[in-house]
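Down below is the structure, laid out as structure tokens.
The numbers here are math on the coordinates, done by the rules we state, and not lab data. Treat the numbers as computed from the prediction; the structure is a model and nothing was measured. Here the Cβ positions follow ideal geometry from the backbone for every residue, glycine too, while neighbour counts run over all protein chains shown.
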Amino acid sequence: MKTKTLFRNTLSGLILAISFWGCQTIDLEEELYNTTYEKFHGKYKIVRCTSDKPVDINLDGLASTEIDKEIPDLEYSYLSLRILKRTLPIGDGSYVFEMGWQEQLFVNGIQPEEYKPEKHYSFSYANQFSVCRCTFSSDFKKINVKKYSDYDINEYRWVLPESVIVRNDGLIEVIFTKRLYTSKGVQSVRITTLYERFTKKA
């Protein structure tokens, strides 16, 4: 009889311990989610955008590293971080990283491989967005961006960031390499963009 009582007491204690540990785990996960949401959820505007070399994108004959001056309406291309509950169906429980860019769109749909001054190329810009998954490093200093599928990424549009860093001043630094049409033809340009959150709504 004493053995049965001891077994029941031990089992009850074990169940209580597991329940307590489970509640603690849920509380920690909820706290981490709330911290991440408060710190990052929202939309971010471009405050500066530069390239690794001077390029003439607006075809005015003057090359510059100030990409935000070379590409019109780039200020309307924002970055969005959506810190969603992990219970939502977004793959492996990561968050949503959405980055807009003024894409060069040519009339024939093909990007010329070479610019010829004597020939006129007709193109316009369209604000297009790439949507990826992302996770944060334990110190919240780095954002790891992952693509959903190979279909989402190509050499001209929706390129995957090489690096996403959260700076000490709160700005988010995004570095990516993109092929752009310039006065010297199509060039591969490494671009560094700084973003600042302007709204907590995403």
Self-check item: Long-range amide H partners of D56 with built H, under 5 Å
Solution: S64, S183, K184
Practice problem: Calculate, in whole percent, how much of the Cα-Cα pair population of region 43-202 lies beyond 27 Å. | Solution: 26 percent
Quiz prompt | region 120-202: trypsin sites (Lys or Arg not before Pro) falling in loop per DSSP and having at most 12 other Cβ within 10 Å | solution = K141, R167, K184, K200, K201
Quiz item: Rounded to the nearest 0.05, what FRET efficiency do E196 and F106 have when you use their Cβ-Cβ distance and R0 = 30 Å?
Solution: 0.40
Quiz item: Given labels modelled 7 Å from the Cα in the Cβ direction, how far is it in nm from E66 to S188?
Solution: 2.8 nm
